[in-house]
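Scroll down for the structure; my scribbles are underneath it.
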Amino acid sequence: MIAYLLRRVPSALAVLFGASVLIFLLLRLVPGDPATTLAGPDATPETIAAIRHQLGLDRSWPAQYLTWLHGVLTGDLGRSYIIGGQISDLVGRGLTNTLVLTAAALLLAVVVSLAVSVSSVLWDRRWLNAIVAAANTVAVAVPVFVTGVLLVLVFAIILPVLPAGGIPPRGFAAQPDITVQYLLLPSICLALPVAAALTRFLTESLRTELRKPYVLTARALGISHRQIVTRGALRNALPTMLTALGIQTGQLLGGAVLVEAAFAWPGIGQLIEQGINRRDYPVVQALLLFSVAVFVAIQLTTDIVHAWLDPRIRIGGRA
């Protein structure tokens, strides 16, 4: 397993390096100048030039990139141009809120997909399969911001039983019951498309497993259909679900941007939006690179778990 991990690490580092270069160049090609934004509309060219020099924007792009890369490697992300404050502090606060929301949505999506998929296979009824297929289609097709607006309209305005947005005023750990109320709507909104995708993957994988010879043998031995599904087919279908889960976790982080905007959730997505609108290069660079790093880490973890569950992967890789 260690040898398999060591083979995967160089490609992950190469992806991070390529992403850092691409992020740096793309932000420099975006129209707009942070020095002009910081100086104000009435600033003189001399004032703008002085601000550009102070921020290091008058240096060559390779010099700016190497300075930024050195800061990333040493943990010094610098200060925000316009939003203000240390970038590490801004990222830390936003990351905590985003991780709480993403973890709640991921847990909800996994539980729902497992329950629906196993139920669809255990009780293979045409009407049940039709309902599940229709619900999956709607959950994937409707954008998360539309779902968010509908949830707020129903449960925060028409039936005022849940908060319309924001985070718990006293923190997540102070009052768990209040935290659940604030988390419920945004986590449902974020989890719905992920749960639908996982349900499709897992249901199809379970049905594929049930067509294999070992299932026929188990039935001939008198093992019940429930035991075959829950103890045999489900375990063998988990690697496929884990692969899909790794991909969908990255989608969760992307969807969190829209969900945080819809529910006024002060997380990484909202911080990225502020940084882009205000041309705050250091903030956007750090957040985009961090998002890529998280996605790479998720994919690497998924591959390792997949290889642990299915030895053929690491054996094949060694060969």
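Go over the candidates Ser187, Ser119 one by one and state the one that is open to solvent by less than 30 Å² (accessible area, probe 1.4 Å) and among the small types (Gly, Ala, Ser).
Details: Ser119 fails: open to solvent by less than 30 Å² (accessible area, probe 1.4 Å).
From the options Ser187, Ser119, the qualifying one is Ser187.
Which of the residues spanning the stretch 204-256 are among the polar types (S, T, N, Q) and either over 30 Å from Asn97 (Cα atoms) or not in a helix (DSSP H, G or I) (or both)?
From the stretch 204-256, those among the polar types (S, T, N, Q) are 205, 208, 217, 224, 227, 230, 236, 240, 243, 248-249, 251; that's our starting set.
Scanning the stretch 204-256 gives Ser205, Thr208, Thr217, Ser224, Gln227, Thr230, Asn236.
Just checking, how many residues over the stretch 78-88 are touching a residue at least 60 places away in the same chain (Cβ under 8 Å), touching a strand residue (DSSP E or B) at 6+ places or on another chain (Cβ under 9 Å) and either among the hydrophobic types (A, V, I, L, M, F, W, C) or open to solvent by less than 40 Å² (accessible area, probe 1.4 Å) (or both)? Break it down into steps so the answer makes sense when it comes.
The initial filter retains those residues of the stretch 78-88 that are touching a residue at least 60 places away in the same chain (Cβ under 8 Å), namely 78-83, 87.
Next, from what is left, pick out any that are touching a strand residue (DSSP E or B) at 6+ places or on another chain (Cβ under 9 Å): 78-80, 87.
Checking which are either among the hydrophobic types (A, V, I, L, M, F, W, C) or open to solvent by less than 40 Å² (accessible area, probe 1.4 Å) (or both) leaves us with 78, 80, 87.
Looking only at that region, the number is 3.
Given the conditions (1) open to solvent by 70 Å² or more (accessible area, probe 1.4 Å); (2) within 24 Å of the chain's Cα centre (by Cα), and given that Tyr214 satisfies all but one, which numbered condition is not satisfied?
If we test Tyr214 against (1) open to solvent by 70 Å² or more (accessible area, probe 1.4 Å); (2) within 24 Å of the chain's Cα centre (by Cα), just (2) comes out false.
If you go through the stretch 33-77 one residue at a time, how many are more than 21 Å from Ala293 (Cα to Cα), part of a loop (DSSP other than H, G, I, E, B) and open to solvent by 50 Å² or more (accessible area, probe 1.4 Å)?
Number of matching residues: 6.
Of the residues Leu13, Leu26, Leu99, Leu22, which single one is surrounded by fewer than 12 Cβ atoms within 10 Å (Cβ to Cβ), within 25 Å of Gln299 (Cα to Cα) and without any contact (Cβ under 8 Å) to a residue 40 or more places away in the chain?
Working: Leu26 fails: surrounded by fewer than 12 Cβ atoms within 10 Å (Cβ to Cβ); Leu99 fails: surrounded by fewer than 12 Cβ atoms within 10 Å (Cβ to Cβ); Leu22 fails: surrounded by fewer than 12 Cβ atoms within 10 Å (Cβ to Cβ).
On inspection, the qualifying residue turns out to be Leu13.
Which of (1) over 15 Å from Arg279 (Cα atoms); (2) in contact (Cβ under 8 Å) with a residue 40 or more places away in the chain; (3) not hydroxyl-bearing (Ser, Thr, Tyr) does Gln54 not meet, given it meets every other one?
(2) is the only condition that Gln54 fails.
Could you tell me whether the stretch 297-319 includes any residue that is of a type in the set (Ser, Thr, Tyr), modelled with pLDDT under 80 and surrounded by fewer than 20 Cβ atoms within 10 Å (Cβ to Cβ)? Break it down stepwise before answering.
Of all residues in the stretch 297-319, those of a type in the set (Ser, Thr, Tyr) come to 301-302.
From what is left, the residues that are modelled with pLDDT under 80 are 301-302.
From what is left, the residues that are surrounded by fewer than 20 Cβ atoms within 10 Å (Cβ to Cβ) are 301-302.
Scanning the stretch 297-319, I find at least one residue that is of a type in the set (Ser, Thr, Tyr), modelled with pLDDT under 80 and surrounded by fewer than 20 Cβ atoms within 10 Å (Cβ to Cβ), so the answer is yes.
Could you name every one of the helices (runs of 4 or more DSSP H) located completely within the stretch 78-182 that has at least 2 residues being within 18 Å of the chain's Cα centre (by Cα) and at pLDDT 90 or above?
On the way: elements: 87-122, 126-141, 144-152.
Where helices (runs of 4 or more DSSP H) fall fully within the stretch 78-182 and carry at least 2 residues being within 18 Å of the chain's Cα centre (by Cα) and at pLDDT 90 or above, they are 87-122.
Return the pair list, or none, for Cβ contacts closer than 6 Å from residues in the stretch 155-183 that are more than 16 Å from Ala262 (Cα to Cα) and open to solvent by less than 50 Å² (accessible area, probe 1.4 Å) to residues that are among the hydrophobic types (A, V, I, L, M, F, W, C) and part of a loop (DSSP other than H, G, I, E, B), at least 6 apart or on different chains.
Thr179/Phe172
With the requirement that a residue be surrounded by fewer than 24 Cβ atoms within 10 Å (Cβ to Cβ) and either free of Cβ contacts under 8 Å to residues at least 60 places away in the same chain or of a type in the set (Asp, Glu) (or both), what does the stretch 252-275 give you?
Listed by number, the residues that qualify are Gly254, Val257, Ile272, Glu273.
The values are calculated or read from the model by the stated rules, or taken from the named source; none is laboratory data. What you see is a predicted model, and the numbers here were worked out from it, not measured in a lab. Virtual Cβ from ideal backbone geometry, glycine too; neighbours counted across all protein chains shown. Please note that ligands, DNA and RNA were not included when accessible areas were found on the heavy atoms of the full protein model with its side chains. Shrake-Rupley method; radii C 1.70, N 1.55, O 1.52, S 1.80 Å.
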